[in-house]
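Data first, discussion second: the structure below is written as structure tokens.
The values are calculated or read from the model by the stated rules, or taken from the named source; none is laboratory data. Note that the coordinates shown come from a computational prediction; the quantities given were computed from them, not determined experimentally. Heads up, the Cβs are rebuilt from the backbone with ideal geometry, glycines too, and the neighbour counts pull from every protein chain shown.
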Amino acid sequence: MNSYLNKVLAIVGKDVTSELRSREVISSMFVFALLVIVIFNFAFELRVENKEAVAPGVLWVAIIFAGMLGLNRSFINEKDRGCMEGLLLCPVDRSAIYMGKLAGNLIFMLAMEAIILPVFAAFFNLPMFTPRLLLIVLLGTVGFVAVGTLFSAVAVHTRAQEIMLPILLLPVTVPVLVAAVKATGDLLSSTPPTTEGPWLGVLVGFDVIFFTAAFLTFEYVFQE
């Protein structure tokens with residue numbers, strides 16, 4: 001177990017170190033998410049009186065599409081730099097590569113969300129730092145990244161990997177996106193939430209099922 005964790009941490013450390021040097025992924029994710037929030041804020045300020053009704057959708061559109069940029073770069077960097085063969089030849093279990101990439105992508109997305117949430121709260125004047133809302137954001141992000149890391153490994157071997165990833169990923173992640181938006185809307189609503197529990201259950205169930213499926217199938221998809 002210690003050897004397995006060391007291999008996972010080595011992959012995470014490589015990705016984090018590379019990102020700290022280039023700052024390509026987090027900066028692009030942050031700029032895209034900020035642009036989405038700013039555009040929607042000024043658009044809805046003129047047309048929508050109740051921001052609580054549209055804020056959950058705006059938040060998750062910003063998170064998901066910004067996260068897509070980070071997931072697209074997850075394996076493309078290895079392929080562009082000729083490191084993909086090195087990963088394939090490493091004498092490690094392929095699941096360790098998946099866990100390392102999953103942890104790295106999750107760190108990048110959580111870092112982006114830590115910057116975006118205060119900006120979102122300032123623009124929409126909504127309480128974004130309640131424990132329940134942070135739990136919903138975490139569960140939604142984990143489910144999205146778990147599936148996105150798997151499909152990123154599939155898309156990197158195609159010619160149009162930037163286009164293929166959204167085509168593969170978005171239909172599969174519909175349950176987690178709907179549940180995250182609904183649960184967020186219930187918490188931000190001025191009326192007491194009545195359906196938060198079931199939507200949280202959907203998020204937890206999605207995370208467990210799809211993480212397990214991605215963990216078990218990564219060995220077969222991460223190959224030429």
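Here is a yes/no grid of residues against (1) over 17 Å from residue 117 (Cα atoms); (2) in contact with a Pro (Cβ under 7 Å, 6 or more places away or on another chain); (3) surrounded by 15 or more Cβ atoms within 10 Å (Cβ to Cβ); (4) at pLDDT 80 or above:
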| residue | (1), (2), (3), (4) |
| --- | --- |
| 12 | yes, no, yes, yes |
| 17 | yes, no, no, yes |
| 40 | no, no, yes, yes |
| 56 | no, no, yes, yes |
| 71 | yes, no, yes, yes |
| 76 | yes, no, yes, no |
| 80 | yes, no, no, no |
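Please verify whether the stretch 112-126 includes one or more residues that are in contact (Cβ under 8 Å) with a residue 60 or more places away in the chain, assigned to a helix (DSSP H, G or I) and under 16 Å from residue 221 (Cβ atoms). Scanning the stretch 112-126, I find no residue that is in contact (Cβ under 8 Å) with a residue 60 or more places away in the chain, assigned to a helix (DSSP H, G or I) and under 16 Å from residue 221 (Cβ atoms), so the answer is no. In the stretch 112-128, the residue that is nearest to the chain's Cα centre (by Cα) out of those that are at pLDDT below 85 and crowded, with 20+ Cβ neighbours inside 10 Å is 128. For the stretch 127-148, the set of residues classified as assigned to a helix (DSSP H, G or I) and among the aliphatic types (A, V, I, L, M) consists of 133, 134, 135, 136, 137, 138, 139, 142, 145, 146, 147, listed by residue number. Looking across 133, 168, 138, one residue alone is under 13 Å from the mean Cα position of the chain (by Cα) and either crowded, with 16+ Cβ neighbours inside 10 Å or hydrophobic (A, V, I, L, M, F, W, C) (or both). It is 138.
Scanning the stretch 90-111 turns up no residue that is assigned to a helix (DSSP H, G or I), over 18 Å from residue 211 (Cα atoms), at pLDDT below 80 and of a type in the set (A, V, I, L, M, F, W, C). Inclusion of residue 151 among residues that are part of a helix (DSSP H, G or I) and either hydrophobic (A, V, I, L, M, F, W, C) or loosely packed, with under 15 Cβ neighbours inside 10 Å (or both) is warranted. Taking (1) within 23 Å of residue 99 (Cβ to Cβ); (2) modelled with pLDDT of 85 or more; (3) β-branched (Val, Ile, Thr) in turn, residue 25 satisfies each apart from (2).
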